[in-house]
Amino acid sequence: MIPKLVLVHGSMSSAQQWADYPALLPEFDVVAIDLPGHGSKSGTPFTTEAALDAIAEAVDGAVPVVLAGHSLGAYLVGLFAGTRPHRLRGLVLMGATGNPRGRLAWTYRGFAGLTRRVDHSVLARLRGGVARLLGVRPELLPARPDYTTLPAIWESVMRDCPPSVLRSVGCPVLFINGQFDQMRADERRYLARVEGSALEIVPRASHFAPLTHAPEVAEAIRRFGL
């Protein structure tokens, strides 16, 4: 039976960020979902419970599932795996070894606060410029992300997704980080919390490794999930 790979995107992104992965991972039934407030669900208010329900809908069924997420998506799939009784073949967490209640929290809370005071077109241009500088293809990211959802998103992560939720995960866990990802801040602590977990570092990659280094990330998932 071909395993299912459920992919969950980061904040201000969408399922489109995984456009390259079905071709890169033909051994899997690749399913990329949109979280509330993003992509096809941009009109749906973001809440933790709504996000977990969206993940559950994609995971449900008798087929073995590898559940993978990037950034926001990684924190949410970690919470899902740690708190819901679904049986998973494996869990892949990309760009999510920074404690959302730790030293990086003020940065994301500050940026979320900016969305209430700065014109969103300015934020979109800034984000687009950074993405291009890091090598992200424009078609993988939405042109007009809804920044009004950002405060609720990161408050949700800080409130509901501490590292401790991973202690209850009952399947193998793979962490994937770009070499220069700022979320590596607490990498050792995360690895220590999940017994038997593995770590893959993508050389010369940033926090956007799943978008800029898709072949390398896909190969890491293949080795882990098959």
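The values are calculated or read from the model by the stated rules, or taken from the named source; none is laboratory data. Keep in mind that this is a model prediction, so the values were computed, not measured. Surface areas here come from the heavy atoms of the whole protein model, side chains and all, with no ligands, DNA or RNA. Shrake-Rupley method; radii C 1.70, N 1.55, O 1.52, S 1.80 Å.
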| Cα gyration tensor shape of the range 161-226, rounded if a/c is under 1.5, else prolate or oblate by comparing a/b with b/c | oblate
| So for 49, 27, what's the accessible-area order with a 1.4 Å probe, most first? | 49, 27
| Gyration tensor (alpha-carbon) shape descriptor, the chain, a/c threshold 1.5 | rounded
| message | How tilted is helix 105-114 with respect to the longest principal axis of the chain? Cα atoms for both, answer in degrees (0 to 90, nearest 10). | response | 40 degrees
| query | Over the chain, what is the relative contact order in whole percent, taking alpha-carbon pairs under 8 Å and six or more residues apart? | reply | 23 percent
| query | Does anyone have the angle between helix 48-59 and the longest principal axis of the chain? Alpha-carbon axes, 0 to 90°, nearest 10? | reply | 40 degrees
| remark: Probe 1.4 Å, all chains present, heavy atoms only: residue 223 accessible area in Å², nearest 10, is 130 Å²
| message | Quick query: amide H of residue 92 versus all other amide H atoms, modeled in the peptide plane; which residues come in under 5 Å with a sequence gap of 5 or more or a different chain? | response | 67, 68, 69, 174
| field | With Cα atoms, 0 to 90° folded angle of helix 120-134 axis to the chain main axis | value | 50 degrees
